[in-house]
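Report on the following structure.
The values are calculated or read from the model by the stated rules, or taken from the named source; none is laboratory data. These numbers were taken from a predicted model, which means no experiment stands behind them. Positions of Cβ are generated from backbone atoms using ideal geometry, with glycine treated the same way; all protein chains shown enter the neighbour counts. Note: accessible area is taken over every heavy atom of the protein model, side chains too, but ligands, DNA and RNA are not part of it. Shrake-Rupley method; radii C 1.70, N 1.55, O 1.52, S 1.80 Å.
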Amino acid sequence: MQHTVLIIDDEKKICSLLARIIELEGFKVFQAGTGKEGLKILANNEIYVVISDVKLPDINGVELVKEIKKIRPYAEVINLTAFGTIADGVMAIRNGAFDYITKGDDNDKIIPLVYKALDKAKLQYRVSELETKVVKKYSFSGILGQSKAIQEAINLSQKVAATDTTVLLLGETGTGKEVFAQAIHYESLRKLKPFVAVNCSGFNHELLESELFGHKAGAFTGAIKDKKGLLEEANEGTIFLDEIGEMNLDLQAKLLRVLENQTFIKVGDTQTSKVNVRIIAATNRDLKLEAEAGKFRLDLYYRLSVFSIELPSLSQRKSDILLLARHYLKEFANKVNRPGFKMDDDFEELLLKHSWKGNIRELKNVMERVVILADGPLLSANLLPYEFHATEVATEGDMMKLENVEKHHIDKILKYTGGNKTEAARLLGIGLTTLYRKIEN
């Protein structure tokens, strides 16, 4: 890749000579005689390094640095001057210049300086690209669904994302609460700061306290050195507290203090620590009922639920089931380098009829499973787990008769095994002869 350098100097001979020297190093060089012309080139080209004279016809080169940074924040600027002053040098660096050198001293310095400036600019551009990819990956555009229920949840989340308000995400397990928390963070003003997720049900009381708030050396057996907690790790960013309903009442009191004044005390410490963090919490419980039962602090509930968002279950957004299924099918097929899978009508029908108690997480797992089991590109219903076939029920009148219930169940198992009677008998826990007799009856 040929990297670019812009030279801004109204002395054409010096500009051309410097351009020639830099071109011999393999750079692509643009030339401008005025600050205005230079800014126009910057706006239309990805420039890594700018070499600018201080004395230009239309603007002081030191002041030009600020204008350059507005257009290309990651480009590095080297100021050249015939009569250098300490004041100008200090101001240039303060405005964001990479270096400030005097003409005549630049013969041996300019090429190494350009390379150093290029290295810094490349790193900054790369970091910016990665940040952009992360933001795009976790933004609301990555949340799939066209149903009214999911679009309403996205709309509410987008509105609150731009604020610093505490958010409580509600919904059944597997509805994508962490995905929404990430999207809210990455579309907020905190998007370039840390996003830290912690599952409150994954730790006992003592360990969760230490993980969240940190501890001082000697606070308990095994605490051999000071440890920074996750709240500090998330400073200036967002902390996502999943399964908040599992948190101990004592810890809830400490969390309430964080919400009220952004302060806390580490385990074993006597000094107050301060943090600047946004809190997003999630639960599949009814926290108000939990509070009324004395299992959750009512004051914490009110602080957490300043802005509540209910995430719909798959049963509330059935029109999205096949859309999601195709997405995950393609994702897992690409992972194993087996693109081109297609679901047949019976397969799709069973997906739509299933109750999806595990919601999107369950759907994702099912699609990964069928990709592993599939022998060919067409996915048939027998690839789906048994419970998918068991969800089809006979009419109420038929279900009153035991023999019809048994026959219906055998038919489902045979359909599941693709007609393999030996496997069906094994799943039913009966002998093959018994199965044949029941089929014939």
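Observations
- Coil-residue GluC sites (Glu not before Pro) of segment 198-232, DSSP, other Cβ within 10 Å capped at 16: none
- If you wrap the tightest convex hull around every Cα atom of segment 133-279 and split its volume per residue, you get 116 Å³.
- A straight line joining the Cα centroids of segment 274-298 and segment 208-269 runs 16 Å.
- Two-site FRET efficiency, residue 119 against residue 82, from Cβ-Cβ distance with R₀ of 30 Å, rounded to 0.05: 0.60
- Counting only DSSP beta bridges whose two residues both lie in the chain, roughly 10 percent are antiparallel.
- Accessible area per residue in Å² at 1.4 Å probe, computed on segment 111-200: 51 Å²
- Rh by Kirkwood over Cα pairs, then Stokes-Einstein D for the chain at 1.567 mPa s and 4 °C, µm²/s: 47 µm²/s
- Qualifying GluC sites (Glu not before Pro) in segment 1-91, DSSP loop, other Cβ atoms within 10 Å at most 13: 25, 46
- Lysines with Cα under 16 Å of residue 103, excluding same-chain neighbours fewer than 8 positions away: 12, 13, 55
- Straight-distance crosslink candidates among aspartates and glutamates, where the alpha carbon sits under 14 Å from residue 254 and sequence neighbours closer than 8 are dropped: 206, 209, 211, 269, 299
- Its Cα centre serving as origin, the chain has a Cβ charge dipole (Lys and Arg +1, Asp and Glu -1) of approximately 320 debye.
- Degrees between helix 249-261 axis and first principal axis of the chain (Cα, 0 to 90, nearest 10): 30 degrees
- Pair-distance profile P(r), taking every C-alpha pair of segment 10-77, with 10 angstrom steps and integer %: 21, 56, 23, 0
- Normalised by 2.2 N^0.38 Å, where N is the number of residues, the C-alpha radius of gyration of segment 155-236 stands at 1.32.
- Against the main long axis of the alpha-carbon atoms of the chain, helix 359-373 sits at an angle near 80°.
- When shorter helices are ignored and each DSSP H run of at least 4 residues is given -39500 (n - 2.57), the per-residue value for the chain at 222 nm works out to -14500 deg cm²/dmol.
- For the cross-link pairs 330/364; 159/318; 133/191, the ones whose C-alpha atoms lie over 22 Å apart are 159/318.
- Cα long-axis angle, helix 110-137 against the chain (0 to 90 degrees, to the nearest 10): 20 degrees
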